[in-house]
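What follows is a short report on a single structure.
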Amino acid sequence: MKLRNAQLAFVVAAAVVVQQVLVPHVRLLGVYVDVVMLAVLSVALIAGPRIGMVAAVAAGLVTDAFSPFPIGTASVGLLLSAALVGSISEGADELPWVSAGLVAIGSIIATLGFVLVAASFDHLQTSFFHVVHVAVVLAVVNGALAPFIRKLVRPLMTSGTRLSW
Amino acid sequence: MCGAVRSIAGTADLDQFTLNVTVRSSRTTRTRRALVAMMLLVATLLVVDHQPGDSPLAPARSAVRDGFASAGSGLGSLWPFGDGAEVKRLEAENAQLRTDLDAARGEVAKVADVERERSRLAELFDIKTPNDVPKTVARVIKVGASNFDDGIELDKGTDSGIRIGMPVETGAGLVGRVVQASRSRSTVQLVSDATFAVTVRYADSGDVGTASGQGAGKNLRGDLVALDSRVHAGELVVTSGTDGSLYPAGLVVGKVKTAESGGTDLRKRVDIYPGADLHRLDLVAVVQWQP
């Protein structure tokens, strides 16, 4: 259990550091790549919904510490998408396109969840077009990267003790 | 015999199926419970952190930011791409700045005399202007690293006297206001942010109104300007500093680009371009002003 917690913490912390330090330099079609979202969805894909949700809450809370939005804003969307992706992937084949599709759908849900929460707390005013643009680009980028990230995250999550939450 | 074996195998399959369904159902229930519990936790944190005034979660937020700040500054230098393009951009910017500097030197000579007179009058009437308020110079270390937040991060925080709500400017105009501050970092909401608004005065006509952001890369929108007002293109727009304002009077916000009377509108539509170049922010000054 302790080793698994350490592995999960490592994946989340690594994703947050990469997001904060390196990603500000990387934009695709005007949209920042969301490494934290990709990592959380990959964890949910590999380890199931409950561990995915823990990763979502932890990553969301740390991400919010760096943003002007209230703590918890990013967690809601990530939590819902991790629950959905983790639940569906439990009985699904490990085909790359299945991973890609699930992560793409999860990315759209996480983005819309974030926007809804931020807007309902009066912390965000943005155009419908911008939201759709960001959600679609993140879905495509995260979906395309999902099979590779899954391969990268899997050894980190499954080495040592077995996952059994 | 054969039928009996088939019957036993069928019963075993059914038992296995029932077991699978039971395990899956138990897992689903646990997942739902976990989801509800975590949603409640997150909702509680959201409500607590959304409280007006100082959030009880602010110290935790500051600790995380400061912790990552020290680690992040070292890791940031590892990014291997973009340096070549950055050098070229800086060279071009340097050449442009030299040209601008020559032009500005001429203006400084004229302004010095006016400034002497202004200071004498301000002292005589005991008027405080932004020039009299102390400022902290800080470097912009991060620009809008999120898809829904185009704010900037500064390399100084509460240890340097920066507090939430303080205005931030460059010599050319208002950049925004501090919305978060930890010991070594602070976050600034830009004037272009769609949730930003400031009361302004139009320098020539004397009209007072509000200017609000319309999103990254867009001009500000001037509101509450009467139809018969003499607000015109090119007019300087400064903070009004009205009673209770979050900003001192006289900070340059920008210049009027267009001022039009729309069909059925009861007010003029004013388009203001920001004085500060929000796309090329490097060093900024945090005005140590608190209303």
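The values are calculated or read from the model by the stated rules, or taken from the named source; none is laboratory data. Small disclaimer: the values here were computed from a predicted structure and weren't measured. Cβ atoms come from the backbone with ideal geometry, glycine included; neighbour counts cover every protein chain shown.
Tally up the residues in segment A:113-133 that are surrounded by fewer than 20 Cβ atoms within 10 Å (Cβ to Cβ), at pLDDT 90 or above and within 11 Å of another protein chain (Cβ to nearest Cβ), please.
Of the residues in segment A:113-133, 2 are surrounded by fewer than 20 Cβ atoms within 10 Å (Cβ to Cβ), at pLDDT 90 or above and within 11 Å of another protein chain (Cβ to nearest Cβ).
A:Ala100 - would you say it is assigned to a helix (DSSP H, G or I), of a type in the set (A, V, I, L, M) and either in contact (Cβ under 8 Å) with a residue 60 or more places away in the chain or within 10 Å of chain B (Cβ to nearest Cβ) (or both)?
Numbers: assigned to a helix (DSSP H, G or I): yes; of a type in the set (A, V, I, L, M): yes; either in contact (Cβ under 8 Å) with a residue 60 or more places away in the chain or within 10 Å of chain B (Cβ to nearest Cβ) (or both): no.
It is false that A:Ala100 is assigned to a helix (DSSP H, G or I), of a type in the set (A, V, I, L, M) and either in contact (Cβ under 8 Å) with a residue 60 or more places away in the chain or within 10 Å of chain B (Cβ to nearest Cβ) (or both).
Restricting the search to segment A:74-87, which residues are over 10 Å from the mean Cα position of the chain (by Cα) and at the interface with another protein chain (Cβ under 7 Å from one of its Cβ atoms)?
Of everything in segment A:74-87, those that are over 10 Å from the mean Cα position of the chain (by Cα) and at the interface with another protein chain (Cβ under 7 Å from one of its Cβ atoms) turn out to be A:Val76, A:Ala83, A:Ser87.
Does A:Ala110 satisfy being in a helix (DSSP H, G or I), modelled with pLDDT of 90 or more and more than 13 Å from every other protein chain (Cβ to nearest Cβ)? So that I can check it myself, show each step before the final result.
Numbers: in a helix (DSSP H, G or I): yes; modelled with pLDDT of 90 or more: yes; more than 13 Å from every other protein chain (Cβ to nearest Cβ): no.
Taking the combined requirement at face value, the residue does not satisfy it.
Does segment B:191-205 contain at least one residue that is part of a strand (DSSP E or B), within 14 Å of chain A (Cβ to nearest Cβ) and surrounded by 22 or more Cβ atoms within 10 Å (Cβ to Cβ)?
At the first step, the residues of segment B:191-205 found to be part of a strand (DSSP E or B) are B:197-202.
Now restrict to residues that are within 14 Å of chain A (Cβ to nearest Cβ): B:197.
Still in the running and surrounded by 22 or more Cβ atoms within 10 Å (Cβ to Cβ): none.
Checking segment B:191-205: not a single residue is part of a strand (DSSP E or B), within 14 Å of chain A (Cβ to nearest Cβ) and surrounded by 22 or more Cβ atoms within 10 Å (Cβ to Cβ).
Between B:Ser205, B:Ser212, B:Ser229, which is over 24 Å from the mean Cα position of the chain (by Cα) and over 30 Å from B:Ser119 (Cβ atoms)? Before you say what the answer is, go through the steps one by one.
On the way: B:Ser205 fails: over 30 Å from B:Ser119 (Cβ atoms); B:Ser212 fails: over 24 Å from the mean Cα position of the chain (by Cα).
Just one listed residue meets the conditions, B:Ser229.
Take the residues of segment A:44-57 that are more than 10 Å from chain B (Cβ to nearest Cβ) and small (Gly, Ala, Ser): which is surrounded by the most Cβ atoms within 10 Å (Cβ to Cβ)?
This residue is A:Ala44.
Can you find a residue in segment A:16-24 that is facing another protein chain (nearest Cβ under 9 Å), under 24 Å from B:Arg65 (Cα atoms) and not in a helix (DSSP H, G or I)?
yes
B:Val225: at pLDDT 85 or above and of a type in the set (Val, Ile, Thr), yes or no?
Details: at pLDDT 85 or above: no; of a type in the set (Val, Ile, Thr): yes.
Against the criterion (at pLDDT 85 or above and of a type in the set (Val, Ile, Thr)), B:Val225 does not qualify.
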